[in-house]
Amino acid sequence: MEFCRVRCRFVRSLPLALAAAGSAIFLVLTPDAFAQSFPFGYELRLDANPMRGSKRVPVLDIGERGAAEIELWCNSVKAQLVIAANTITIITGEVSSRQCAPEFVRADEELIEALNQATNWRMENLALVLTGGKTLRFRVQTN
């Protein structure tokens with residue numbers, strides 16, 4: 001008799017326990033739990049040292065709706081960023097035409113190519129990490 005009472009109590013409470021556990025699992029595993037906020041409205045600096053002969057480092061200035069201005073190693077370019085979950089598409093426009101040393105022009109072209117090949121993004125310690133053909137890290141400006 002005692003066994004049935006314990007067993008019956010257990011069987012009656014099992015659906016509640018499973019429902020609670022299921023809700024907890026649902027809350028933990030929902031896509032929103034993994035969602036990160038894309039840094040719209042921020043200015044980010046490429047995590048790199050300046051090139052020899054310059055103090056300049058590329059900067060990505062992202063507007064609220066994904067319009068961006070990118071200061072490259074020498075020139076600049078306007079771009080549109082399209083974000084869907086953790087994917088990114090960067091569409092760059094026409095590059096400005098400043099006179100630059102060949103190594104800066106080459107670095108600009110390589111950076112634009114890497115940006116155009118970016119397919120995914122994530123935030124890591126106040127840094128926007130773009131992955132695709134090449135991994136790029138842009139740090140949020142804190143000053």
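Placing R0 at 41 angstrom, the Cβ-Cβ distance between Q99 and R139 gives a FRET efficiency of 0.90 after rounding to 0.05. One chain, two ends: V57 and E109. Fully extended at 0.36 nm per residue, the span grows by 17.3 nm beyond their Cα-Cα distance.
Loop-located chymotrypsin sites (Phe, Trp or Tyr not before Pro) in the stretch 99-143 (DSSP state other than H, G, I, E, B) with a sparse environment of at most 16 neighbouring Cβ atoms within 10 Å are absent.
So between R65 and N125, what do we pick up on full extension, going 0.36 nm a residue minus the alpha carbon distance?
Using 0.36 nm per residue and subtracting the Cα-Cα distance, I get 19.3 nm.
Read-outs throughout are calculated quantities, based only on the coordinates presented, and are distinct from any laboratory measurement. These figures come from a predicted structure and were not determined experimentally. Every residue, glycine among them, receives a Cβ derived from its backbone with ideal geometry; neighbour counts consider all protein chains shown.
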